[in-house]
Amino acid sequence: MAPPAGQLRPGRYLAIFALIVMALYALVFLTGDGKPNPKLGIDLQGGTRVTLTARTPDGQPPSKESLNQARQIIETRVNGMGIGGSEVALDGSNLVITVPGEGGEEAKQLGQTAELSFRKVVQQLPATQPPAPTTPQQAQPPGDSQQAIEAAKATRQSTDPNVQMQAAQALDCKAEDPLRGNDDPTLPLVACDREGTAKYLLEPVFLEGKEISDSMAQPPDQQSGSGWAVNLNFKSEGAKVWSAFTSANVGQQAAFVLDSEVVSAPSINQPLPGGNARITGQFNQQSATDLANILKYGSLPLAFDQSEAETVSATLGIASLEAGLIAGGIGLLLVAVYCLAYYRLLGILTVLSLILSGGVVYGVLVLLGRWIGFTLDLAGVAGFIVAIGITADSFIVFFERLKDEIREGRTFRSSVPRAWVRARRTILSADAVSFLAAAVLYVLAVGQVKGFAFTLGMSTVLDLVVVFLVTHPLVALASKNKFLSKPSVSGLGAVQRLGNRNRAARKAAATTSKEA
């Protein structure tokens with residue numbers, strides 16, 4: 001026969017929960033590296049936090065659209081470089097990149113504007129040191145000011161060959177370049193190479209980097225003796241332009257200009273009709289890979305200055321993790337002491353349910369770290385600590401409803417199904433509110449607050465799994481056991497005595513009513 005409404009077969013539910021746990025930890029130990037360790041965030045395992053400040057050619061604040069576009073491109077670059085657990089967040093006109101672990105050097109390169117363009121070389125000059133300015137008018141204004149950008153454009157992008165030559169002689173290849181990412185592609189350009197060993201007089205841009213369809217780092221060729229390079233593939237329109245240019249300029253130089261800086265200026269030895277290009281220069285494996293990834297994943301719509309690069313010590317992260325675990329342990333201990341003192345047997349079931357809930361949460365954390373790159377940070381630990389209270393609250397709702405049933409004169413065993421039917425609606429409603437609050441916070445928040453919201457929401461969902469599959473069945477089993485259902489063991493003695501008195505009072509009232 002099917003169990004009465006509100007009752008269940010405890011063994012079946014506990015078996016389902018056991019299968020879930022077994023499957024969960026089978027995935028933990030048999031997938032990935034097999035180590036049951038969750039990924040830790042920057043504040044727990046150390047790492048790098050880089051702050052990029054946006055600047056525009058006209059000196060005006062950047063638009064929200066361009067900032068969002070830049071953030072999305074940098075996130076794509078992060079994913080393409082395989083830097084797990086990273087985060088890119090907007091902070092006013094700044095982009096804040098956090099990279100846990102050993103990805104700090106890559107993070108510092110993520111803000112390159114990567115405005116690649118192709119210009120014909122008019123003349124190449126040695127990068128001699130310019131004479132020191134003798135008057136205030138000859139001194140360059142600060143490199144990050146709008147005045148410096150306009151002054152550089154007036155000279156280094158002049159259409160007058162004499163002004164261009166004077167600008168080339170005055171150009172300091174070792175100084176900060178105010179034109180970085182701000183040059184006008186329709187005008188000539190005087191630029192340095194990346195090593196600061198040569199200066200170039202260049203024609204306007206004939207092909208833009210957005211026509212690149214793919215790029216990859218090419219290892220050195222032992223036969224030719226060439227070093228690391230970056231191979232480019234163009235889109236159909238870009239391939240036509242490149243093919244026409246190389247066909248008409250055999251023997252000339254084509255400059256590959258990245259953010260107003262010449263990364264390579266190879267000679268065109270023959271026409272290149274295939275729509276491919278090769279950037280050569282003083283590359284090593286890391287620099288070639290960085291450039292290839294930057295070009296592959298898009299050009300930023302803004303220029304950025306690296307205003308801050310902070311390295312977080314792993315030692316500090318371990319201390320923070322220990323502090324978080326201690327705080328969580330103290331919170332769990334206080335909940336356990338209260339439940340044991342107030343509920344006795346039911347308190348033991350509460351502690352057991354919390355331990356099982358923690359085990360499920362930990363296994364899910366490990367798998368989420370492998371599958372979606374989720375990293376646990378201090379805010380996430382705080383979310384779990386708060387979730388302890390939410391989980392314990394579900395047990396208390398059930399237990400208090402159970403005591404209400406017993407106060408009405410029912411036995412422990414008969415009260416369990418009735419109490420559960422009435423309590424589960426309250427539990428579902430309370431957890432639904434908590435989950436919705438966590439979901440809204442996750443959508444609206446940025447930075448580490450997202451970690452808090454995510455762990456809080458996840459723990460709320462897993463709370464329901466434990467309450468339905470573990471706590472309720474265990475209480476039902478205890479109510480059917482002669483020893484465990486004893487008032488002195490269950491902690492329900494005072495409530496049962498009150499229930500007996502209430503039942504006796506109702507019987508006496510009923511008897512009196514019949515006699516009357």
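The values are calculated or read from the model by the stated rules, or taken from the named source; none is laboratory data. No experiment lies behind these values; they were computed from the predicted model shown. For neighbour counting, all protein chains shown are included, and Cβ atoms are generated from backbone atoms with ideal geometry for every residue, glycine included.
Given the structure, is VAL163 surrounded by 13 or more Cβ atoms within 10 Å (Cβ to Cβ) and part of a strand (DSSP E or B)?
On the way: surrounded by 13 or more Cβ atoms within 10 Å (Cβ to Cβ): yes; part of a strand (DSSP E or B): no.
Against the criterion (surrounded by 13 or more Cβ atoms within 10 Å (Cβ to Cβ) and part of a strand (DSSP E or B)), VAL163 does not qualify.
Which is closer than 18 Å to LEU116 by Cα, loosely packed, with under 15 Cβ neighbours inside 10 Å, assigned by TED's automatic domain parsing to the domain that holds GLN124 and in contact with a helix residue (DSSP H, G or I) (Cβ under 6 Å, 6 or more places away or on another chain), of LYS199, LYS210, LYS235?
LYS235
Determine which member of the set LEU67, LEU30, LEU24 is surrounded by 13 or more Cβ atoms within 10 Å (Cβ to Cβ), in the same structural domain as ALA419 (by TED's automatic domain parsing), modelled with pLDDT of 80 or more and not β-branched (Val, Ile, Thr).
LEU24
Conditions (1) over 19 Å from GLY281 (Cα atoms); (2) among the hydroxyl-bearing types (Ser, Thr, Tyr), marked per residue:
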{"position": "GLN147", "(1), (2)": "yes, no"}
{"position": "THR159", "(1), (2)": "yes, yes"}
{"position": "PRO178", "(1), (2)": "yes, no"}
{"position": "LEU189", "(1), (2)": "yes, no"}
{"position": "ASP193", "(1), (2)": "no, no"}
{"position": "SER213", "(1), (2)": "yes, yes"}
{"position": "GLY225", "(1), (2)": "no, no"}
{"position": "ASN249", "(1), (2)": "yes, no"}
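Filter the strands (runs of 3 or more DSSP E) completely within segment 253-353 down to those with at least 1 residues that are in contact with a Pro (Cβ under 8 Å, 6 or more places away or on another chain) and at pLDDT 80 or above. Lay out the reasoning, then the answer.
Working: elements: 254-258, 261-264, 276-283, 303-312.
Correct list: 254-258, 276-283.
Quickly run through segment 91-110 and pick out the residues that are in a strand (DSSP E or B), modelled with pLDDT of 75 or more and more than 10 Å from LEU52 (Cα to Cα).
THR98, VAL99
Can you tell me which condition ASP221 does not meet? The list is (1) buried (at least 20 other Cβ atoms within 10 Å of the Cβ); (2) out of contact with any strand residue (DSSP E or B) (no Cβ under 8 Å at 6 or more places or on another chain), and all the others hold.
(1)
Which one of the conditions (1) touching a Phe, Trp or Tyr at 6+ places or on another chain (Cβ under 9 Å); (2) modelled with pLDDT under 85; (3) farther than 30 Å from LEU95 by Cα does ILE427 fail to meet, given that it meets all the rest?
Going through (1) touching a Phe, Trp or Tyr at 6+ places or on another chain (Cβ under 9 Å); (2) modelled with pLDDT under 85; (3) farther than 30 Å from LEU95 by Cα one by one, ILE427 breaks only (2).
Report yes if ILE16 is in contact with a strand residue (DSSP E or B) (Cβ under 9 Å, 6 or more places away or on another chain) and at pLDDT 75 or above, otherwise no.
Details: in contact with a strand residue (DSSP E or B) (Cβ under 9 Å, 6 or more places away or on another chain): no; at pLDDT 75 or above: yes.
Answer is no for this residue.
Considering PHE256, PHE245, which residue is aromatic (Phe, Trp, Tyr) and either crowded, with 20+ Cβ neighbours inside 10 Å or within 22 Å of LEU179 (Cβ to Cβ) (or both)?
PHE256
Counting only residues that are modelled with pLDDT under 85, give me the helices (runs of 4 or more DSSP H) lying completely in segment 434-516 with at least 2 of them.
Numbers: elements: 448-466, 472-480, 487-490, 493-515.
Filter on segment 434-516 gives 448-466, 487-490, 493-515.
Quick check: anything in segment 173-194 modelled with pLDDT of 80 or more and farther than 27 Å from ILE279 by Cα?
no
Which one of the conditions (1) touching a Ser or Thr at 6+ places or on another chain (Cβ under 6 Å); (2) over 30 Å from ARG71 (Cβ atoms); (3) not polar (S, T, N, Q) does PHE435 fail to meet, given that it meets all the rest?
Among (1) touching a Ser or Thr at 6+ places or on another chain (Cβ under 6 Å); (2) over 30 Å from ARG71 (Cβ atoms); (3) not polar (S, T, N, Q), the lone unmet condition for PHE435 is (2).
Within segment 75-85, is there a residue that is loosely packed, with under 13 Cβ neighbours inside 10 Å and either farther than 24 Å from GLN285 by Cα or modelled with pLDDT of 80 or more (or both)?
no
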